[in-house]
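The structure appears right after this line, and notes come after that.
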Amino acid sequence: MVATNHLTYTYVGMAGEGDFIGEGGIFRQADGEDGWDDISAGLPGNPQVRALLLKSDNSAIVFAGTQDGVYRSADRGESWQRLPDPAEGREVWSLAADPSDPNTIFAGYEPCSIARSRDGGGTWQDMDTSKVIYPHITTYMPPLAKRVIGISVDPVDPRNVYAAIEVGGLLASRDGGETWTQLMDGPYLRNNTLDLHQVAVSAADHGTVQIATQIAMFRGKNHGSRWEHVQVDDMFPGGSYCRDLAVAPDDPSTIYLASGAGGGAAPPDTVPEGALFRSRDVGETWERLDLGDVPPGRMMQVAIDPAAPSRISCASYSGEVYHSHDEGQTWKKTMLPVESTRSLHIYPMVCG
């Protein structure tokens, strides 16, 4: 059901990585508008924005993860305040909140580390990742540093927290984030199934952990202790580049997957293409949604407005952003005001 008196804002973060760093930032679009506002003023110079979070009990409060720590805005990005960081010199790659407590926030970093705030970002404490052991094949990949690219808190039992590592498998905490261990290890021959992009847990089946990887989707039953491949339409020979996952806030049985062809493990001659998939049965089966267009770049993000969950947005690597007001039945396309390149493309997107 659409909240008719609610105005949805969509926020998109832009950044590069490694040797490819363009001038990033954050762009905001109000529902019903065609243009985008640059709301990067107040962030660090040349902001590399790879994580965004809206406070669930006050959507005017926006958190942005940058190359200089976490920033917070109380006015939808009109102004920004840098939050204290328990350790300097780390880049933020993910932000997530406890669904049962919006003041409990996790930040994931590169190099791989995790911090937690219990007061809405006012203070932060580093969590213990000292016991983490990475699958052996991922230890021989210089100069890539392992980064926490996605975090998910179990909506039923917040003692269970999961962290997706690019490239390094899946970490789990069973004590609300205090300590972490590796859930995936073994004699792997290829790293593309260990190159995680996102993790999600649904209240409809909180004992199953869903992960999106460079080449496929997998799910781990019994809280990630037993893994199986999730069949989604192959978008190149041997798999799909799976990037983001979102659970519908009004129906935990419904999950969206941003996916595509091109990049990662796809053959060099693969034609880039983006797609949005939806499952109505907690990931058992998937359908590809008709966006009215075929994005010429892999789909990077999907976001849902918690206050108006029929409003869904998704964004492709090539800069197209698609909005739906009717749970994905029809879509409208807009373009970001900057060119998406190897040195500058979409990382996070949130709506609210």
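The values are calculated or read from the model by the stated rules, or taken from the named source; none is laboratory data. Not measured: the values here are computed from a predicted model. Virtual Cβ from ideal backbone geometry, glycine too; neighbours counted across all protein chains shown. The area values use the complete protein model at the heavy-atom level, side chains included, leaving out ligands, DNA and RNA. Shrake-Rupley method; radii C 1.70, N 1.55, O 1.52, S 1.80 Å.
Observations, loosely collected:
- For segment 284-352 versus segment 86-152, the spacing of their alpha-carbon centroids is 26 Å.
- Under the Debye formula (equal points on every Cα, no solvent term), log10 I(q)/I(0) of segment 124-252 at q = 0.12, 0.17, 0.18, 0.21 Å⁻¹: -0.43, -0.87, -0.98, -1.30
- Per-residue 3J(HN,Hα) values for segment 61-76, derived from phi via the Karplus relation 6.51 cos²θ - 1.76 cosθ + 1.60 with θ = phi - 60°, read 8, 10, 10, 10, x, 10, 6, 10, x, 9, 10, 10, 10, 9, 9, 6 Hz in sequence order (x marks Gly and Pro).
- At 1.002 mPa s and 20 °C, Stokes diffusion of segment 218-349 via Kirkwood alpha-carbon radius, µm² per second: 141
- Relative intensity, log₁₀ I(q)/I(0), of the chain from a Debye sum that treats every alpha carbon as a point, q = 0.07, 0.12, 0.13, 0.16 Å⁻¹: -0.25, -0.79, -0.96, -1.62
- Placing +1 on each Lys and Arg Cβ and -1 on each Asp and Glu Cβ, with no other charges, gives segment 183-318 a dipole about its Cα centre of roughly 260 debye.
- Annotation: per residue accessible area for the chain equals 39 Å², rounded to a whole number [probe 1.4 Å, protein chains only].
- Taking the Cα atoms of segment 272-352, the ratio Rg/Rh between the radius of gyration and the Kirkwood radius comes to 0.96.
- Candidates His206, His136, His197: whichever shows maximal mean-square fluctuation once the chain is modelled as a Gaussian network with Cα springs under 10 Å: His136
- Integer Hz, Karplus 6.51/-1.76/1.60 couplings in order for segment 37-51, x for Gly and Pro: 9, 7, 10, 7, 4, x, 7, x, x, 6, x, 9, 9, 10, 8
- Compared with the rule-of-thumb size 2.2 N^0.38 Å for a compact globular protein, segment 87-189 has a Cα radius of gyration ratio of 1.05.
- Equivalent-ellipsoid semi-axes for segment 1-137 (Cα gyration tensor, √(5λ), whole Å, largest first): 26, 19, 14.
- Qualifying lysines (Cα of each under 18 Å from Cα of Lys131; at least 8 residues distant if same chain): Lys146
- Segment 183-276: translational diffusion in µm²/s, Stokes-Einstein, Kirkwood Rh over Cα pairs, 20 °C, 1.002 mPa s: 156
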